[in-house]
Amino acid sequence: MSIDVLDPRFDAEPVYWRRLRAEAGLRGDWAWDVLHRQAWGARTPWYLTVMLDGSVPRGLVAGAWVGSRTRRHRFVVSGRGGRFGGLDIRAPGNSAFPGWWFHGAGDDAGCPRLLSEYLPAMRGLLGAGLKAALVRQVPEPALGVVRGSLRVVRETEPIARIPTTSFGGRSDWLNSLPSRRKAHMTRVFAGFDDDSRITSEIVSGAEVDPVELAGLLRVNEVKHRDVPIVPLPQFVGYLRVLLAQPDVRVLSYRDTTTGRMIGAATLFDHPEWPLARSWSALPVEDGGRKDLYFHFFGELVGWAIAEGRKGVVLGKKMPKLKASLGAELLSQYAVAMPVR
């Protein structure tokens, strides 16, 4: 077994990358040109480590280097970013799925190999300056693997997803909701059906103007400036290559009187579990519409049913609200550990 440690800022796409993405089920945010743009627009350098059996990829781990030069308002520098630091092991484009994959992994998602193979290999590469690792999106069945001396394990926000295989249409989903939520959502849909000012459609990402979408997504990002690490803005260059990926869709809402996009969600299509990646909408006082967020969930569910998917992944945030819409909540954990 050998390893490739890749920096998508500088390294060309490996010959095995598309094969690896297909086997691991990695969505459009793992396309190499998307990773290249993401890496240059990040705060920290990224290492993509691939475990190879000959020329065949058998594992992948994405980790951001958080070093002594990492700053809240600083973008990645050409070097490693400090002599001492740690690896933040997470997916580069969303927080709904782990940042690693191993061929043939079971319910523990390959966490034993993450600890026994990946971290020693990175310690050998980066040296004594690698002091710690933070592993996100650890599933509950792996807790027995990741617990240990000097390790801190904490439950994080769960991942929400709505299964749809038992529904013949959106009305079936509505009928499955608690009575108060069903009544509320019925009013939301009726209001939209009677409002000729607003249209909604799910289109290929290639049909969307990345400049227009970036401006709208930044409206939502402004709302989250009260957290320790401020989310980076949606960069047009990144969105342009992301939207060009064949599995990327956009649910857009437009004002028919002006043609203006007033709400949008980016989606990663998938044969079984599509993912709702991001959402943003204009406030009502700036031309938006009340209850757009709730209508968005109904559109997603209806689309997933029509496309024959198992369901739709809604990611993190507001788990109680999503549970009231029929979502199941999957427990996730993070573990911080020393690397020696």
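The values are calculated or read from the model by the stated rules, or taken from the named source; none is laboratory data. Because the structure is a prediction, the values reported are computed rather than measured. Neighbour counts run over all protein chains shown; Cβ positions are idealised from the backbone, glycine included. SASA here: full protein model, heavy atoms, side chains in, ligands and nucleic acids out. Shrake-Rupley method; radii C 1.70, N 1.55, O 1.52, S 1.80 Å.
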Exercise for review: Within the stretch 176-197, identify whether any single residue is in contact with a Lys or Arg (Cβ under 8 Å, 6 or more places away or on another chain), of a type in the set (A, V, I, L, M) and either open to solvent by less than 20 Å² (accessible area, probe 1.4 Å) or over 30 Å from R254 (Cβ atoms) (or both), and answer yes or no.
Suggested key: no
Revision key, fill the gap. Those residues of the stretch 1-40 which are in a loop (DSSP other than H, G, I, E, B), open to solvent by 50 Å² or more (accessible area, probe 1.4 Å) and over 25 Å from S204 (Cβ atoms) amount to M1, F10, D11, A12, V15
**Study point:** Cβ-Cβ under 6 Å pairs, at least 6 apart or on other chains, the stretch 205-233 side within 20 Å of R249 (Cα to Cα) and assigned to a helix (DSSP H, G or I), far side open to solvent by 80 Å² or more (accessible area, probe 1.4 Å) and modelled with pLDDT of 80 or more
**Key:** P210/R240
Exercise for review: Answer yes or no as to whether A105 is among the small types (G, A, S), in contact (Cβ under 8 Å) with a residue 60 or more places away in the chain and in contact with a helix residue (DSSP H, G or I) (Cβ under 8 Å, 6 or more places away or on another chain).
Suggested key: no
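Conditions (1) open to solvent by 10 Å² or more (accessible area, probe 1.4 Å); (2) at pLDDT 90 or above; (3) more than 30 Å from W32 (Cα to Cα), marked per residue:
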position	(1), (2), (3)
L239	no, yes, no
L243	no, yes, no
A265	no, yes, no
S280	no, yes, no
F294	yes, yes, yes
W303	yes, yes, no
Point to revise | Hits in the stretch 310-331 (condition: crowded, with 19+ Cβ neighbours inside 10 Å and basic (K, R)) | key: K322
Practice item. Sort through A132, A160, A105 and tell me the only one that's open to solvent by less than 70 Å² (accessible area, probe 1.4 Å), assigned to a loop (DSSP other than H, G, I, E, B) and not charged (D, E, K, R). Key: A105
Review point. Using beta carbons and a limit of 9 Å, which pairs, at least six apart or on different chains, have the first residue in the stretch 18-36 and free of Cβ contacts under 8 Å to residues at least 60 places away in the same chain and the second one of a type in the set (K, R) and assigned to a helix (DSSP H, G or I)?
Key: W32/R18; W32/R21
Review point. Looking at V284, V335, which one is in contact (Cβ under 8 Å) with a residue 12 or more places away in the chain and among the β-branched types (V, I, T)?
Key: V335
Practice item. Name, by its number, the condition in (1) within 26 Å of D209 (Cβ to Cβ); (2) under 18 Å from the mean Cα position of the chain (by Cα); (3) polar (S, T, N, Q) that does not hold for Q332. Key: (1)
